[in-house]
Amino acid sequence: MPSYEELRSVVVDSAFDEWIRFGRLGTWTYQQDVALRLVQQEQLGPAQEPWATQFQAPSTRYGYVFYYGNSPIEYHTVVGLDNDRAFVPEPQQAPDGSLSITPYQRLVGEIITGDPGSVESYCNRAGIAVSQ
């Protein structure tokens, strides 16, 4: 069985279009290793942060979990912005107020959204930078 670090590397090295979407199930399965999947675990309620409420339609917070087989690997809080038009993991806020996500988090959003351009556009509109 692969280690946590190995699985994280697999995700980092993947592309959004290497994940098979099962929309009604809220599940994305990695084509190269079908034991690895991302699952929408729960709806957490409306997103109230200013960066998420600036859009025309409401935004909702969700919990997603990466699984390998039956083992949960990692939990992510992701916001479906503007009535779920794009999904962006909750950003970190620096002391100066700037918001950022990692390239890994952006990839999680791209997998769920299915469109990197939409994730990039909504990050730009929300003032979220992608940082190393």
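Readers should treat all values here as calculations from the given coordinates under stated rules, not as data from a laboratory. Remember, predicted model here, so these are calculated numbers, not experimental data. We place every Cβ from the backbone using ideal geometry, glycine too, and count neighbours over all the protein chains shown.
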**OP:** Per DSSP H run of n ≥ 4, the term is -39500 (n - 2.57); total these for the chain, divide by its residue number, and report the mean residue ellipticity at 222 nm rounded to 500 deg cm²/dmol.
**Re:** -8000 deg cm²/dmol
Subject >> Dipole of the range 1-111, positive direction: furthest Cα of Q43, F66, H76, with charges on the beta-carbon >> reply: Q43
**OP:** Work out how much length Q32 to L44 would gain on full extension: take 0.36 nm times their residue separation and subtract the Cα-Cα distance, in nm to one decimal.
**Re:** 1.3 nm
**OP:** For a footprinting-style exposure proxy, rank D13, D82 by other Cβ within 10 Å, fewest first.
**Re:** D13, D82
Subject >> Dipole magnitude (debye, nearest 20) for the range 4-130, charges at Cβ of Lys, Arg, Asp, Glu >> reply: 320
**OP:** Determine, for S71, S59, S131, S118, the number of other Cβ atoms within 10 Å of each Cβ, and report the residues in order from fewest to most.
**Re:** S71, S131, S118, S59
**OP:** Report ³J(HN,Hα) in whole Hz for each residue of the range 34-46, in order, from the Karplus equation J = 6.51 cos²θ - 1.76 cosθ + 1.60 where θ = phi - 60°; Gly and Pro get x.
**Re:** 5, 6, 9, 8, 10, 10, 6, 8, 7, 9, 9, x, x
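What is the diffusion coefficient of the range 4-130 in µm²/s, taking the Kirkwood radius over Cα pairs and the Stokes-Einstein relation at 25 °C with a viscosity of 0.890 mPa s?
On the way: Rh = 14.7 Å.
The estimated diffusion coefficient comes to 167 µm²/s.
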Subject >> Amide H partners (placed H, <5 Å) of D115, local residues excluded >> reply: none
